[in-house]
Amino acid sequence: MESSDEDEVRTFVQVLSEKYNPENFPYGQGVGVVVLPRPPGSPVKDRLFLPSALVLNDSGISKAGDRQDIAASCAHVVELDLSHNQLNDWGEVGVLEF
């Protein structure tokens, strides 16, 4: 059985959505967590509990994802740890500038 490259691609947006989904916070948001209002045209922003320091190390991220979703989600982020991921294109890394 062959696996396609698309099956293995994990984007920053995808991992962010998985890690900070409210279903992972059954007792509330906790200290230092920010919930941003939903900007128009951005379906996931009001569902995520995002801190100002994001740690997504060793998450299998190989692509950035949608630039507008990243900008809307991460406008308040001041620190980002993406160490030990599969980002190997500076163009993809540049998309993560927020």
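Numerical summary
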{"quantity": "Residues satisfying the stated conditions in the range 56-73, i.e. free of Cβ contacts under 8 Å to residues at least 40 places away in the same chain and either more than 19 Å from ASN21 (Cβ to Cβ) or touching a Leu at 6+ places or on another chain (Cβ under 8 Å) (or both)", "calculated": "ASN57, ARG67, GLN68, ALA71, ALA72"}
{"quantity": "Among residues of the range 60-98, those that are of a type in the set (Asp, Glu) and assigned to a helix (DSSP H, G or I), counted", "calculated": "2"}
{"quantity": "GLU23 at pLDDT below 85, surrounded by fewer than 12 Cβ atoms within 10 Å (Cβ to Cβ) and touching a Gly at 6+ places or on another chain (Cβ under 9 Å)", "calculated": "no"}
{"quantity": "Qualifying residue in the range 28-39 (condition: at pLDDT 75 or above and hydrophobic (A, V, I, L, M, F, W, C))", "calculated": "no"}
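The values are calculated or read from the model by the stated rules, or taken from the named source; none is laboratory data. Model, not experiment: these values are computed from the prediction. Reconstructed Cβ throughout: ideal geometry from the backbone, glycine too, with neighbour counts over all protein chains shown.
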